[in-house]
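Notes to accompany the following structure.
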Amino acid sequence: MNDKSIETITRLVLDAIEKENTPQGNGYLVPVGVSARHVHLTQEHVEALFGKGYQLTKKKELMGGQYASNEQVTIVGLKLRAIENVRILGPVRKASQVEISKTDAIKLGVNAPIRESGNTKGSAAIAIVGPKGVIYLDEGCIVAKRHIHMQPKEAKEAGVIDGQEVTVTSESERSVSFNHVQVRVDDSYTLEMHIDTDEANAAGIKTGDCVRIIK
């Protein structure tokens, strides 16, 4: 074997090693959706806040049959600190819930835990004020855990499964890694990673930017 052949084989081996150490072509690309504070309500609570028989009205379609409504409310913490113009997301749910950022929690004076949406047991208390009434939730105020929505086909391509936690990296000027990002898989989802405004601002990310799943 001559020197040229050895050089060629060595280069091929090094290329193969580099490829092996590069996770799935530098990672699976996912667009970002920055999630602002919002409220989910039961129909009973919608009526308590807006009047008997009131129905939420649609402003903008979201994934999975959800939508941003035209209706907004004021949320009030235990120390009577308030945040106005918080949008309600529809359709109505079986349980009411308020999702805020850590900065919002400090402003409101509430100890909102980081939770997956829907997991509100033992979470922070919060009051919600509408044009026709007020409701008080003994628990229901959380900081939403960062997560990725994807369809089964996309999950297969990314090599992940529903409920798995992954690490995600950004490619912004203030590049960061997000650990413990939960994967959610459903046919109704649109591929998107959801983070709150605190996380987005810290990483210099805006809605429409992309991140990569690095396993």
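If I model a spin label as a point 7 Å beyond the Cα along the Cα-Cβ vector, how far apart are those points for LEU29 and LYS52 in nm?
Spacing of the two 7 Å Cα→Cβ label points: 5.6 nm.
Scale the Cα Rg of segment 115-189 by the rule-of-thumb value 2.2 N^0.38 Å and send over the ratio, two decimals.
1.49
With all protein chains present, calculate the accessible area of LYS79 using a 1.4 Å probe and round the result to the nearest 10 Å².
130
In whole Hz and in residue order, list the ³J(HN,Hα) couplings for segment 135-144 that follow from phi through the Karplus curve 6.51 cos²θ - 1.76 cosθ + 1.60, θ = phi - 60°; x for Gly and Pro.
10, 10, 9, 5, 8, x, 9, 9, 9, 5
Using only alpha carbon pairs under 8 Å that are at least six residues apart, calculate the relative contact order of the chain and give it in whole percent.
It comes to 25 percent, rounded to a whole number.
Simple spin-label model, 7 Å along Cα-to-Cβ: ASP186 to ASP138 in nm?
Taking the simple label geometry, ASP186 and ASP138 are separated by 2.7 nm.
Å³ per residue of the Cα convex hull, for the chain?
Dividing the Cα hull volume of the chain by its residues yields 135 Å³.
Taking the Cα centre of the chain as origin, sum charge times position over the Cβ atoms of Lys and Arg (+1) and Asp and Glu (-1), and report the length of that vector in debye to the nearest 20.
720
With a point put 7 Å past each Cα toward its Cβ, work out how far THR169 is from LEU78 in nm, to one decimal.
4.1
Is there a pair in LYS94/LYS132; LYS94/LYS121; LYS156/LYS206; LYS60/LYS145; LYS60/LYS102; LYS156/LYS215 whose C-alpha atoms are over 19 Å apart, and which pairs would that be?
Pairs exceeding the cut-off: LYS94/LYS132; LYS156/LYS206; LYS60/LYS145; LYS60/LYS102.
Could you give the accessible area per residue of the chain, probe 1.4 Å, as a whole number in Å²?
Result: 56 Å² of accessible area for each residue.
Which sequence of LYS102, LYS60, LYS132 reflects their accessible areas, 1.4 Å probe, from the largest down?
I get LYS132, LYS60, LYS102, largest accessible area first.
Which residues' amide hydrogens lie under 5 Å from the amide hydrogen of TYR28, considering only partners 5 or more residues apart or on another chain, with H built in the peptide plane?
Under 5 Å from the amide H of TYR28 lie the amide H atoms of ILE213, each far enough along the sequence or on another chain.
Which sequence of MET193, MET63 reflects their accessible areas, 1.4 Å probe, from the largest down?
The most accessible residue leads, giving MET63, MET193.
For LYS52, give me every one of the aspartates and glutamates with a C-alpha distance below 14 angstrom, ignoring sequence neighbours fewer than eight places off in its own chain.
GLU44
Which value in deg cm²/dmol, rounded to the nearest 500, describes the helix-derived mean residue ellipticity at 222 nm for the chain, given -39,500 (n - 2.57) per DSSP H run of n ≥ 4 and division by the residue count?
Here the helix-only value at 222 nm equals -6500 deg cm²/dmol.
The values are calculated or read from the model by the stated rules, or taken from the named source; none is laboratory data. Fair warning: this is a prediction, and the values are worked out from it, not measured in the lab. Cβ: placed from backbone, ideal geometry, glycine included. Neighbour counts: every protein chain shown. Ligands, DNA and RNA are excluded from the accessible area calculation, which covers all protein heavy atoms including side chains. Shrake-Rupley method; radii C 1.70, N 1.55, O 1.52, S 1.80 Å.
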